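Notes follow once the structure below has been shown.
The values are calculated or read from the model by the stated rules, or taken from the named source; none is laboratory data. Please read these numbers as outputs of a predicted model, since none were measured by experiment. Here the Cβ positions follow ideal geometry from the backbone for every residue, glycine too, while neighbour counts run over all protein chains shown.
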Ligand code: PEP
Ligand code: MN
């Protein structure tokens, strides 16, 4: 019997798993696949997006991340190109066939974001924005729900329940690090969230190593830990010129480092019987 406070997202029989399907070839949550989502923190320009997208596609990536609307701690930081970025994402999607994940910050942008996005991202800061959760719950479009940096795993699952109660079953969860007393990293990756979520929920779970550690040099290790812990994938920040990035350059991999990491992930995933998608 389910004794959890959430119902629809709970794992009721040990074999049940949700697979979020984006196309015949690309899906998240298959037991024999590990999904690598990559791209810049924010869409900054056509040049930046194009430079990133083609390199990532050639490496084997199928899903491109890129923020149009950026939630920033400081109102003086770069807050994204907004609709201009959505237009650039739509163009690159058409040209490359890459699937797009981008964040929805406000309900007012839901139609514009849904038109371009193959996966709608709900960020850490909005994990408990229940109105926003219910609105994406009314769609069928896949949703990536990121764990709030001060939220428990149970609260994450209850937020997913808000989405699913409205009818949308296409939910992917994301562990992106939580706030602790540790200062060396931007957040602390709660790697145990992965096997815990796998035990208590049927939803796929991916890891964001970039926001978890906040440091380029740590991203490959955390990514490998995600594979080993049984995650369904990672979402990682990659920039063609990290030192000049407008947002999160210090935690973004350059293209060459990403390619190297991708090959290592591929080998480790293979040992666990998974191929990359
Ligand atoms: C992001 O992925 O662009 C982002 C802002 O992450 P988070 O919501 O986890 O801080
Ligand atoms: Mn970022």
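Which is more than 16 Å from ligand 2 (Cβ to nearest atom), buried (at least 17 other Cβ atoms within 10 Å of the Cβ) and under 20 Å from residue 254 (Cα atoms), of 35, 18? Give the steps one after another, and end with the answer.
On the way: 18 fails: under 20 Å from residue 254 (Cα atoms).
Going through 35, 18 in turn, just one is more than 16 Å from ligand 2 (Cβ to nearest atom), buried (at least 17 other Cβ atoms within 10 Å of the Cβ) and under 20 Å from residue 254 (Cα atoms): 35.
Look at residue 173 and say whether it is assigned to a loop (DSSP other than H, G, I, E, B) and crowded, with 23+ Cβ neighbours inside 10 Å. Answer is no for this residue. From the list 92, 101, 110, which residue is modelled with pLDDT of 95 or more and within 13 Å of ligand 1 (Cβ to nearest atom)? The match here is 101. Whether a residue is under 25 Å from residue 210 (Cβ atoms), more than 16 Å from ligand 1 (Cβ to nearest atom), in contact (Cβ under 8 Å) with a residue 24 or more places away in the chain and surrounded by fewer than 23 Cβ atoms within 10 Å (Cβ to Cβ) was assessed, and residue 10 does not pass this test. Counting only helices (runs of 4 or more DSSP H) that fall entirely inside region 178-266 and contain at least 2 residues that are under 17 Å from residue 149 (Cβ atoms), the qualifying elements are 193-200, 209-213. Here residue 196 clears all of (1) within 16 Å of ligand 2 (Cβ to nearest atom); (2) more than 16 Å from the chain's Cα centre (by Cα); (3) more than 23 Å from residue 105 (Cβ to Cβ) except the condition numbered (1).
Against the test of being within 18 Å of the chain's Cα centre (by Cα), more than 16 Å from ligand 2 (Cβ to nearest atom) and at pLDDT 95 or above, the options 49, 86, 8, 64 yield a single qualifying residue, 86. Can you tell which of 128, 55 is at negative phi and within 15 Å of ligand 1 (Cβ to nearest atom)? Result: 128 is the single residue among 128, 55 that is at negative phi and within 15 Å of ligand 1 (Cβ to nearest atom).
If only residues of region 22-41 that are within 12 Å of ligand 1 (Cβ to nearest atom) and part of a loop (DSSP other than H, G, I, E, B) are counted, the one that is nearest to residue 176 (Cα to Cα) is 41. Being under 20 Å from residue 155 (Cβ atoms), touching a helix residue (DSSP H, G or I) at 6+ places or on another chain (Cβ under 7 Å), crowded, with 20+ Cβ neighbours inside 10 Å and touching a residue at least 40 places away in the same chain (Cβ under 8 Å) is the filter here, so list the residues in region 190-210 that pass it. Across region 190-210, the qualifying residues are 193, 197, 201, 203.
Restricting the first residue to region 223-252 and requiring it to be closer than 14 Å to residue 36 by Cα and modelled with pLDDT of 95 or more, which pairs with a second residue that is assigned to a helix (DSSP H, G or I) and near ligand 2 (Cβ under 10 Å from one of its atoms) meet a Cβ separation below 8 Å and a spacing of at least six or different chains? Hits for this filter: 235/210; 236/210; 237/210; 237/211; 237/251. Within region 178-189, if we keep just the residues that are crowded, with 17+ Cβ neighbours inside 10 Å and free of Cβ contacts under 8 Å to residues at least 40 places away in the same chain, the residue that is nearest to residue 31 (Cα to Cα) turns out to be 189.
Looking across region 89-128 at every residue that is in contact with a helix residue (DSSP H, G or I) (Cβ under 9 Å, 6 or more places away or on another chain), within 16 Å of ligand 2 (Cβ to nearest atom) and part of a loop (DSSP other than H, G, I, E, B), the one that is nearest to residue 71 (Cα to Cα) is identified as 105. Across region 58-81, the qualifying residues are those that are in contact with a helix residue (DSSP H, G or I) (Cβ under 8 Å, 6 or more places away or on another chain) and under 14 Å from residue 113 (Cα atoms), and the one among them that is farthest from ligand 1 (Cβ to nearest atom) is 81. Out of 44, 131, I need the residue that is in a loop (DSSP other than H, G, I, E, B), farther than 25 Å from residue 19 by Cβ and in contact (Cβ under 8 Å) with a residue 24 or more places away in the chain. Which one? That would be 44, the only listed residue that is in a loop (DSSP other than H, G, I, E, B), farther than 25 Å from residue 19 by Cβ and in contact (Cβ under 8 Å) with a residue 24 or more places away in the chain. Of the residues 39, 67, 80, 29, the single one that is in contact with a strand residue (DSSP E or B) (Cβ under 6 Å, 6 or more places away or on another chain) and more than 24 Å from residue 170 (Cα to Cα) is 80.
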